[in-house]
Amino acid sequence: MWKSELRAYRRLIGHKRHAFWKTLITEQQSKPRQMWRSIDKLLGRGRSQGSDDVSAGDVHSFFDQKVSDIRASTSSTAAPSFVSTDCVLSSFKQVTHDDVAAAVRARPNKLCASDPVPTWLLKECSSELVPFLYRLLNVSLSAGVVPAAFKSAYICPLLKKADLDTADAKNYRPISNLTVLSKLLEKLVARQLIDYLSVNKLLPDRQSAYQAFRSTETAIAGLMSDILLALNAGNIALLDLSAEFDTVDHTILIQHLRTSFGLNDAVLSWFRSYLDERRQHMSPRRAVVPVHRPVWRATGVRTGTAPVHDVHCRRYQHRRVTTYVGAPVRQRHTSLQPVSPK
């Protein structure tokens with residue numbers, strides 16, 4: 001009797017567990033990010049904790065050398081050419097109180113270590129704070145200047161997998177966090193920029209990012225089509241997924257924005273200010289070490305901030321960042337480099 005009841009209990013637990021996860025995955029089918037987080041939780045996969053076994057200097061040297069090698073391999077390529085446009089975007093529109101309030105409410109309850117208040121508190125006090133944020137953000141847009149505090153990223157290194165060597169710099173994936181106000185400003189700028197590019201049809205026809213009804217699925221489908229066509233034509237396609245955003249040249253990027261997209265005056269100044277003098281605060285697993293040294297790095301841009309395409313990474317333009325001892329210096333990156341046979 002006891003054994004039969006125990007078996008019935010175990011079957012019930014199994015059915016309930018199966019029904020719970022099935023319902024959860026079904027509900028999250030339209031939200032891929034949440035769905036994959038649930039799947040990782042189901043499979044027992046999660047982010048590995050960082051470690052103090054490797055120093056910030058060692059990891060910085062590793063990633064800096066990696067980017068330098070990639071840029072050196074493309075140093076013999078021809079200088080980039082740009083297609084000019086008659087369209088012009090010389091100033092941003094002033095955002096309204098409602099724009100700022102809606103953007104604050106839409107922010108997820110995530111925060112950066114350098115945020116003065118939690119995001120949930122900012123949202124609860126939005127009615128009192130929005131007038132100040134409204135003035136601050138509009139001054140940035142009209143003057144073409146990004147506040148220095150908005151360009152300070154807090155970076156925490158995480159192991160790619162739990163079983164990897166914690167003393168090897170290449171096994172780390174630095175996670176970069178910016179302040180909520182910085183992301184708020186980026187969101188408002190990106191909205192105006194994408195509207196301008198879309199109305200004037202300046203985005204490439206095959207670009208999947210930042211366009212409605214496009215996604216990683218359309219990008220992968222187009223990539224697979226190109227690879228198969230190249231193979232059918234007798235060519236060889238080699239994919240190099242490495243440091244694309246870290247190797248973007250700031251001078252070329254600014255020239256590309258001016259010539260091909262028609263950005264100038266305050267708008268172009270804003271993007272220059274956004275790229276210049278960015279600081280990255282490195283921290284070990286437990287706390288920020290308040291010891292830093294100036295480091296010169298090759299150019300690069302933060303991923304996911306604005307649509308960038310056809311940007312060639314050939315020359316160096318250094319920028320100064322501040323490194324806190326104890327963690328790696330890098331940002332997430334991807335790149336694609338097709339190579340034809342000799």
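The values are calculated or read from the model by the stated rules, or taken from the named source; none is laboratory data. All values reported here derive from a predicted model rather than from experimental measurement. Every residue, glycine among them, receives a Cβ derived from its backbone with ideal geometry; neighbour counts consider all protein chains shown. Protein only, heavy atoms only, side chains kept; ligands, DNA and RNA dropped before computing areas. Shrake-Rupley method; radii C 1.70, N 1.55, O 1.52, S 1.80 Å.
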Explain nothing, just compute: Karplus ³J(HN,Hα) = 6.51 cos²θ - 1.76 cosθ + 1.60, θ = phi - 60°, for every residue of segment 145-157 in order, whole Hz, x for Gly and Pro. 9, 9, x, 4, 5, 7, 9, 10, 9, 9, 10, 10, x
May I ask which of Lys110/Lys160; Lys22/Lys151; Lys22/Lys183; Lys41/Lys151; Lys31/Lys187 have a Cα-Cα span longer than 31 Å here? Lys22/Lys151; Lys22/Lys183; Lys41/Lys151
At 10 °C and 1.306 mPa s, the Stokes-Einstein diffusion coefficient in µm²/s for segment 138-255, with hydrodynamic radius from the Kirkwood sum on alpha carbon pairs, is 85 µm²/s
Accessible surface of segment 1-101 [probe 1.4 Å, protein heavy atoms]: carbon and sulfur percent: 54 percent
In debye, nearest 20: dipole of segment 1-47 around its Cα centre with unit charges on the Cβ of K, R (+) and D, E (-)? 140 debye
Taking the Cβ-Cβ separation of Glu277 and Phe20 as r and a Förster radius of 56 Å, what is the calculated FRET efficiency to the nearest 0.05? 0.70
Cα gyration tensor, segment 77-169 - rounded (a/c under 1.5), prolate or oblate: oblate
Pull out a ≥ b ≥ c, the square roots of the eigenvalues of the alpha-carbon gyration tensor of segment 28-139, then state rounded if a/c is under 1.5, prolate if not and a/b is larger than b/c, and oblate in the remaining case. oblate
Net charge within 13 Å of Val180 by Cβ-Cβ distance, Lys/Arg positive one each and Asp/Glu negative one each, not counting Val180 itself? +4
Mind grabbing the base-10 log of I(q)/I(0) for segment 125-181 at q = 0.27 Å⁻¹? Debye formula, identical points on the C-alpha positions, no solvent, two decimal places. -1.07
What is the packing order of peptides 210-222, 5-17, taking the mean over residues of other C-beta atoms within 10 Å and listing the highest first? 210-222, 5-17
Cut-off 13 Å between beta-carbons: net charge of the residues surrounding Leu133, Lys and Arg +1, Asp and Glu -1: +3
Determine, from the Cβ-Cβ distance of Glu27 and Asp168 and an R0 of 35 Å, the FRET efficiency 1/(1 + (r/R0)^6), rounded to the nearest 0.05. 0.30
